[in-house]
Amino acid sequence: MNLARYIKPTQVKVELATRTSPPPEGVSPERHRWGIKEAVLGELCDLLDSSGKAGNKSKLMTDLINREKKASTAIGHEVAIPHVRTMQAKELILAFVRSTDGIDFDAPDGQPVKLFFAMVAPPYDDQLYLKIYKEIGTLMLSGDAKQKLLEAKSEHEIIRVFQTLD
């Protein structure tokens with residue numbers, strides 16, 4: 001499956017702006033983690049919105065947060081796939097951002113997440129949505145695609161990695 005078909009350079013960010021920091025005094029670690037998670041989701045939402053295929057950006061952000069509240073979208077091995085089916089997606093949209101230092105995203109293996117793949121699709125688009133979700137998970141848990149994404153220097157290099165994954 002050619003994932004590059006669903007992602008353009010404007011939907012890719014080489015380095016996440018959000019950083020992990022210790023919780024401020026008086027803020028619980030869990031509440032602080034949620035603040036960081038929301039900042040990451042905000043950056044991903046901006047990338048998804050840049051596709052021109054999303055509806056109301058604020059509602060899209062709310063949908064991503066509500067999905068994340070159900071269960072963490074981190075799959076382990078330094079990878080998270082925040083995803084939601086929403087009326088705010090006119091068609092399937094992907095976005096990608098990397099965090100060199102990693103972000104605590106409540107991964108099942110306890111490892112910080114370095115690669116974030118956001119995926120949104122209309123509620124009626126189950127088959128393609130599930131196929132791409134599975135493809136991303138499989139590629140990141142096996143093979144050298146993960147290492148290539150960690151080493152890429154630009155948005156275009158990242159897109160080239162996606163193009164070679166067929």
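The values are calculated or read from the model by the stated rules, or taken from the named source; none is laboratory data. For clarity, every value in this text was computed on a predicted model and none was experimentally measured. With ideal geometry, Cβ positions are generated from the backbone for all residues, glycine too; neighbour counts draw on all protein chains shown. In case anyone asks, the SASA skips ligands and DNA or RNA and just uses the protein heavy atoms, side chains included. Shrake-Rupley method; radii C 1.70, N 1.55, O 1.52, S 1.80 Å.
Assorted remarks:
- Strands (runs of 3 or more DSSP E) wholly inside region 60-166 that include at least 1 residues being open to solvent by less than 10 Å² (accessible area, probe 1.4 Å): 74-76, 93-103, 113-121
- Some residue of region 45-59 being farther than 23 Å from Ser154 by Cβ, touching a Ser or Thr at 6+ places or on another chain (Cβ under 8 Å) and touching a residue at least 60 places away in the same chain (Cβ under 8 Å): no
- In region 11-25, the residues that are among the β-branched types (Val, Ile, Thr) and either closer than 15 Å to Ser50 by Cβ or in a strand (DSSP E or B) (or both): Val12, Val14
- Residue in region 14-35 that is at pLDDT 95 or above, more than 25 Å from Glu157 (Cα to Cα) and open to solvent by less than 10 Å² (accessible area, probe 1.4 Å) present: no
- Of the numbered criteria (1) surrounded by 18 or more Cβ atoms within 10 Å (Cβ to Cβ); (2) in a helix (DSSP H, G or I), the one Ser51 fails is (2).
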